[in-house]
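S.K.: I have a structure here, written as structure tokens, and I will follow up with some questions on it.
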Amino acid sequence: MTMPTDGGADRILQLEEEVQQLKDAVVSHAVVDQAIGMIVALGRVSPAQGWTVLREVSQRTNIKLRSIADMILVWGRTGALPAEVRTVLEETLDRLGPTRLPDVPPEP
């Protein structure tokens, strides 16, 4: 294949970079969504609260949100979670949750 000589090659490279960035963003978004789902299920909080918990743990530990999400997914598979992250996660969940599941009467 011959590459265009009118600046088109630069545009092709630029578009290939954009495509890769979008692919990375989709993967990152999926990881974050899965981690929020785990927080929702295990912490008995709403999805909005799950997002808040994930964001707060990231901020309080000074670890990127995507990395915290990865750690939570590993924790779900292995039970291993760094002590600092576990402590902040537990503190945040204690403060924000648990919430009651919809249409489930509270236990007596």
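The values are calculated or read from the model by the stated rules, or taken from the named source; none is laboratory data. The structure displayed is predicted, hence computed values, not measured ones. Reconstructed Cβ throughout: ideal geometry from the backbone, glycine too, with neighbour counts over all protein chains shown. Quick note on the areas: whole protein, heavy atoms, side chains included, nothing else; ligands and nucleic acids left out. Shrake-Rupley method; radii C 1.70, N 1.55, O 1.52, S 1.80 Å.
S.K.: In the stretch 79-108, which residue that is surrounded by fewer than 11 Cβ atoms within 10 Å (Cβ to Cβ) and at pLDDT 90 or above is farthest from the chain's Cα centre (by Cα)?
M.R.: Ranking the candidates gives Ala83 first.
S.K.: State yes or no: is Val57 of a type in the set (Val, Ile, Thr) and surrounded by 18 or more Cβ atoms within 10 Å (Cβ to Cβ)?
M.R.: Here the answer is yes, as Val57 does meet what is asked.
S.K.: Return yes when Ala48 is at pLDDT 90 or above and surrounded by 15 or more Cβ atoms within 10 Å (Cβ to Cβ) and no when it is not.
M.R.: In short, no.
S.K.: State which residue is most open to solvent (accessible area, probe 1.4 Å) when the search covers only the stretch 1-45 and only residues that are of a type in the set (Val, Ile, Thr) and at pLDDT 85 or above.
M.R.: Pass one, the stretch 1-45, residues of a type in the set (Val, Ile, Thr): 2, 5, 12, 19, 26-27, 31-32, 36, 39-40, 45.
Remaining after also requiring at pLDDT 85 or above: 12, 31-32, 36, 39-40, 45.
Values: Ile12: 55, Val31: 18, Val32: 15, Ile36: 23, Ile39: 6, Val40: 39, Val45: 7 Å².
Only one residue fits best here, namely Ile12.
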